[in-house]
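The values are calculated or read from the model by the stated rules, or taken from the named source; none is laboratory data. All values reported here derive from a predicted model rather than from experimental measurement. Virtual Cβ from ideal backbone geometry, glycine too; neighbours counted across all protein chains shown.
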Amino acid sequence: MYPLCDANLAGYPERAVRRAQQLGRYHLLDRIAFGGMAEIYRAKTFDATGQPHLVAVKRVLAHLAEDDDFIQMLVDEAKIASVLRHANIARVYEFARAHGEYFIAMEHVDGKDMRTVLERCRTKKKPIPAEHAAYIGAEVGAALHAAHSAVDSRNRPLRIIHRDVSPSNIICSYSGEVKLCDFGIAKATLSRVTTKTGVIKGKVKYMSPEQALGRKLDHRSDVFSLGSCLYEMLTRIPPFTATNEMDLLIKVRDAKYRPVSELTPGIPPELEAIADRCLTRSRANRYQTAAEAERDLRAFLRKFMPNYSRSHLGRFIRKSFAQEIERELRMLEEYVLTDEPSDDIGENLMGADDNFEPPEVPFHPKPTSVSIALPQSDFSSASNFTTMPKVEREEDIHAQSTVILEGGRKRQAPPSVPPPRTRGRTQPPPVPQPRGPTRPIYDEDLHSAPTMIIDIGRMRSRNRG
Ligand SMILES: Nc1ncnc2c1ncn2[C@@H]1O[C@H](COP(=O)(O)OP(=O)(O)O)[C@@H](O)[C@H]1O
Ligand SMILES: [Mg+2]
């Protein structure tokens with residue numbers, strides 16, 4: 001029944017209406033991404049004062065919800081990420097179970113992930129301009145250093161290693177912020193799921209040689225992966241590619257790649273040198289910390305483009321995705337929250353943990369039905385936003401008066417009306433709509449590769465056989 005067109009909505013005669021599905025405290029709006037493990041939705045929730053907030057909800061696919069190890073890995077992801085408070089790390093609010101489903105609620109980064117940005121660059125046959133690559137690299141470096149040097153409440157190092165620093169986990173917001181997300185396979189003292197010997201986790205293409213070999217890792221592994229992302233931003237192609245996993249593992253292990261300047265003539269040599277230093281096979285010759293790589297990238301940027309600020313990146317992303325942004329905003333307009341909200345806010349599974357502090361802004365359930373309407377705007381024009389693109393728009397989304405849909409009719413919500421109770425489960429999820437442009441046929445199999453868990457021993461024996 002989705003999307004349902006409701007001609008009875010006064011003032012919106014031709015507007016498609018999609019009903020958001022409730023999951024715990026969250027009302028799922030459009031689906032941002034779909035992977036082998038989870039679906040990511042943009043979602044709306046309300047704080048104690050009734051203020052709406054946009055969040056991202058990562059909902060575990062049904063078949064994995066029965067896998068205890070996998071659920072434990074996600075609990076660990078949520079715990080690890082929730083202790084990290086850094087401007088370049090997407091905040092995690094909770095890992096919860098509600099209506100029989102598991103999900104992580106996290107900060108919604110309104111923008112595009114680096115994989116999508118790179119795909120667009122490949123379509124346009126243009127690499128990401130050097131200044132943006134340097135800035136994004138520096139911001140990810142800052143995020144990594146914060147994670148690597150994080151300590152618990154008793155000042156003990158958490159020894160967090162991300163292990164999956166890859167373009168799909170780097171999100172550039174429309175305002176030019178850069179956030180690293182998905183500490184899903186991070187391993188820290190906090191984590192209870194240990195990586196078995198011979199089992200490597202992460203996207204092979206962006207792994208460090210020691211990771212491809214299944215060796216014990218330290219934080220310098222992430223520095224190498226940062227180098228792979230930087231290389232791809234500068235050349236449009238990843239440093240290591242192959243047609244099968246075994247060959248890819250060998251290429252990553254050997255850390256041999258075509259020089260950046262060969263693929264992108266005219267690249268500033270200082271920037272190429274930074275990528276090379278991250279991509280050094282021997283850990284001892286690499287940058288020893290992500291902060292060192294960040295420092296060099298910032299120094300390069302200061303020299304190369306002294307007036308650079310994050311608004312430059314914001315403008316670049318908004319310009320590259322002007323049409324998609326319009327479409328996304330229009331889609332958000334179409335959502336109405338359920339008129340039978342459930343009081344079941346679910347159970348937070350991050351539970352009692354010495355190292356876990358609840359988020360400062362806990363979301364309280366206050367389910368109600370909301371209709372979202374947005375004014376027209378043009379994102380393609382250059383502007384100097386230093387926050388969200390057209391902050392007014394974002395506020396507009398949230399500041400809309402609450403309307404309760406009753407039998408398909410819209411009316412203003414009286415302020416004192418308590419949220420109606422529901423008897424069973426709420427509405428099924430909206431049928432996922434295809435979003436964004438059709439993806440180019442570029443190395444698609446490798447690019448869309450989900451996070452993999454590979455048993456090197458088994459692969460070796462398979463290859464011998
Ligand atoms: N917090 C978030 N805010 C906005 N988008 C997100 C967020 N987390 C993930 N995404 C989007 O979902 C995509 C897929 O994420 P994920 O399920 O972690 O898959 P992958 O294993 O490819 O990283 C990301 O590349 C990004 O586009
Ligand atoms: Mg991810």
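Structure above, values below:
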item	result
Residue list for region 325-360, filter: at pLDDT 75 or above, in contact with a strand residue (DSSP E or B) (Cβ under 9 Å, 6 or more places away or on another chain) and acidic (Asp, Glu)	Glu328, Glu333, Glu334, Glu347
Subset of region 231-247 that is of a type outside the set (Val, Ile, Thr) and part of a helix (DSSP H, G or I) - its residue that is surrounded by the most Cβ atoms within 10 Å (Cβ to Cβ)	Tyr231
Identity of the residue in region 22-48, more than 15 Å from Lys112 (Cα to Cα) and of a type in the set (Asp, Glu), that ends up nearest to ligand 1 (Cβ to nearest atom)	Glu39
Elements of type strands (runs of 3 or more DSSP E) in region 117-230, at least 1 residues being crowded, with 18+ Cβ neighbours inside 10 Å, of a type in the set (Ser, Thr, Tyr) and modelled with pLDDT of 90 or more	170-173
Residue count for region 94-107, restricted to those that are surrounded by 22 or more Cβ atoms within 10 Å (Cβ to Cβ) and within 8 Å of ligand 1 (Cβ to nearest atom)	1
Of all residues making up region 90-116, the number that are within 16 Å of ligand 2 (Cβ to nearest atom), over 19 Å from Met73 (Cβ atoms) and assigned to a strand (DSSP E or B)	4
